[in-house]
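Shown next, in structure tokens, is the structure this report addresses.
Computed from the coordinates by the stated procedures, all read-outs in this text should not be read as laboratory data. These figures come from a predicted structure and were not determined experimentally. All Cβ positions, even for glycine, are placed from backbone atoms using ideal geometry, and neighbour counts span all protein chains on display.
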Amino acid sequence: MTDLAHPSVHYPMPLPAVHERTVLTPTQPAQLPAVQSVQLPDGRIVTGYALTPTQPPAAPATQPVPAWAKTAALLAPTVGTGIGAAGIGLSYAAPGLIAMSHALWSAAALIVAAVIAIPVVLRTARRSLTGETGTRTTTHITQNITSTGLFGRANGTINNR
């Protein structure tokens with residue numbers, strides 16, 4: 001609960017009046033470095049920026065060009081010309097390069113055909129020379145191997161029929 005027996009009341013009090021006037025007297029501004037006042041022949045006074053000649057900035061001392069820069073500068077057109085000449089040469093050589101690529105593919109196909117055809121031709125020639133008709137008897141080999149134990153000596157016979 002709030003204590004109502006002593007209510008707090010605010011009574012505003014005015015601040016004491018201070019009426020001291022500070023008088024500001026105008027003063028002449030300091031002379032600006034690039035501003036001048038000039039009296040014209042008709043009596044008017046004109047104030048403006050003065051055009052004072054300025055000294056040009058000192059030119060920096062020239063330094064010799066490094067040798068690597070000279071070399072690079074001399075090689076750049078040479079390299080560019082070489083690349084251009086190579087492009088022109090390739091454009092003239094393009095039909096020949098295309099013909100060579102077709103010839104290489106033809107040579108590869110010929111080699112593959114030879115690898116397949118030569119054994120067939122040799123087999124046919126051998127059959128015609130030996131008189132074989134195509135029915136061939138096969139050799140049957142029979143092996144009978146026996147042993148005693150896991151690591152025992154093995155004995156066997158081979159029969160050719």
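Structure summary
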| read-out | value |
| --- | --- |
| Whether the range 65-161 is rounded, prolate or oblate, judged on the alpha carbon gyration tensor where a/c under 1.5 counts as rounded | oblate |
| Efficiency of FRET between Leu51 and Thr25 - r from beta-carbon atoms, R0 30 angstrom, step 0.05 | 0.35 |
| Pairwise FRET efficiency - Ala117 versus Thr137, Cβ, R0 = 25 Å, nearest 0.05 | 0.35 |
| The range 91-161 and the range 48-89: distance between their alpha carbon centers, rounded to Å | 73 |
